[in-house]
Amino acid sequence: MADIISIPRQVLHQQVCTRLRQLIVENHIPPGSKLNERALCEELKVSRTPLREAIKMLAAEGLVELLPNRGAVAMELSAQDIADTFEVIAGLEGLSGELAAQRITDAELAEIRALHFEMLAAYTRRDLPTYYSINAVIHKHINAAARNPVLTQTYGTVNARLQALRFRSNCDEAKWARAMSEHERMIELLSARDGAGLHRLLVQHLLNKRDVVLELMKHGELDSSPKVSA
């Protein structure tokens, strides 16, 4: 009989956190919704202890808000919160790109190119969850290539508040195509080590996302699932 292998506590918490983050980012748990511990334990097949640890981790990231007498709810931002936060992340992304263009190694650039082609394949399949997951990794890699720990920490904190909204910004074919085109240009500018050009593009890329999200919010469409043409 094979030995039973237990999953280390920290690893289990991370796994639950990753899955819960995905549920929030992909709008399976809409903004403002209470996190039902019993239902989530059943869905994720875990006890309440690792679930509560995951909720605390996501609260630290800014994806979950812990409210007195209400428990944990998925973070809900006002229109002004969204505008302000996208304004900050646009500046951080722009600075990341400018510094990355100066400091990135050939190996790091090759890795980002490879990820870009994986993302393009997901876009071609219209696989939005996979596209978004790879997209987020690309942006993190660019930030890491900037080699500025303070920038990386600040970026991570601010970006966590916007993960669900960044996922929602590819809400229709035209807007998704524009985002993909902007990513093609990012790779070109990074390869050319054009820091100023990449700075401008990344700022505009994030402001475009801001405008899409605010438009969705204005028309009451943030609570529905993204719809793209097959």
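Read-outs throughout are calculated quantities, based only on the coordinates presented, and are distinct from any laboratory measurement. Predicted, not measured: the structure shown is a model, and the values here were computed from it. Positions of Cβ are backbone-derived with ideal geometry, glycine not excepted, and every protein chain shown enters the neighbour counts.
For residue 64, the residues 5 or more places off, or on other chains, whose built amide H falls under 5 Å of its own are 59, 75. With a Förster radius of 30 Å, plug the Cβ-Cβ distance of residue 188 and residue 73 into 1/(1 + (r/R0)^6) and report the FRET value to the nearest 0.05. Efficiency, rounded to the nearest 0.05: 0.10. According to the square roots a ≥ b ≥ c of the eigenvalues of the Cα gyration tensor, what is the shape class of region 9-74, taking rounded for a/c under 1.5, prolate for a/b larger than b/c otherwise, and oblate for the remainder? Rounded. Listed by chain and number, the aspartates and glutamates placed with their C-alpha closer than 17 angstrom to that of residue 218 are 76, 81, 84, 172; residues fewer than eight positions away on the same chain are left out. Shown is the FRET efficiency for residue 126 and residue 200, computed with R0 = 30 Å from the Cβ-Cβ distance and rounded to the nearest 0.05: 0.55. The distance separating the Cα centre of region 78-140 from that of region 13-32 comes to 20 Å.
Note on residue 140: lysines with a C-alpha under 25 Å away, same-chain residues under 8 apart excluded, are 56, 175, 209. Peptides 90-96, 42-48, 73-79, ordered by how many other C-beta atoms sit within 10 Å of their residues on average, highest first, read 90-96, 73-79, 42-48. A cut-off under 14 angstrom between Cβ atoms defines the neighbours of residue 205, and their net charge, with Lys, Arg +1 and Asp, Glu -1, is 0.
Seen against the Cα atoms of the chain and their longest principal axis, helix 149-160 is set at about 60 degrees. Computed from backbone phi, the HN-Hα couplings of region 189-200 come to 5, 5, 5, 7, 6, 8, x, 5, x, 5, 4, 4 Hz, rounded to whole numbers (Karplus: 6.51 cos²θ - 1.76 cosθ + 1.60, θ = phi - 60°; Gly and Pro given as x).
Could you give the length gained on full extension between residue 153 and residue 39, defined as 0.36 nm per residue of separation minus the Cα-Cα distance, in nm? Display every interim value, and only then the final one.
On the way: separation 114, 0.36 × 114 = 41.04 nm, distance 3.30 nm.
Extending this stretch completely gives an extra 37.7 nm.
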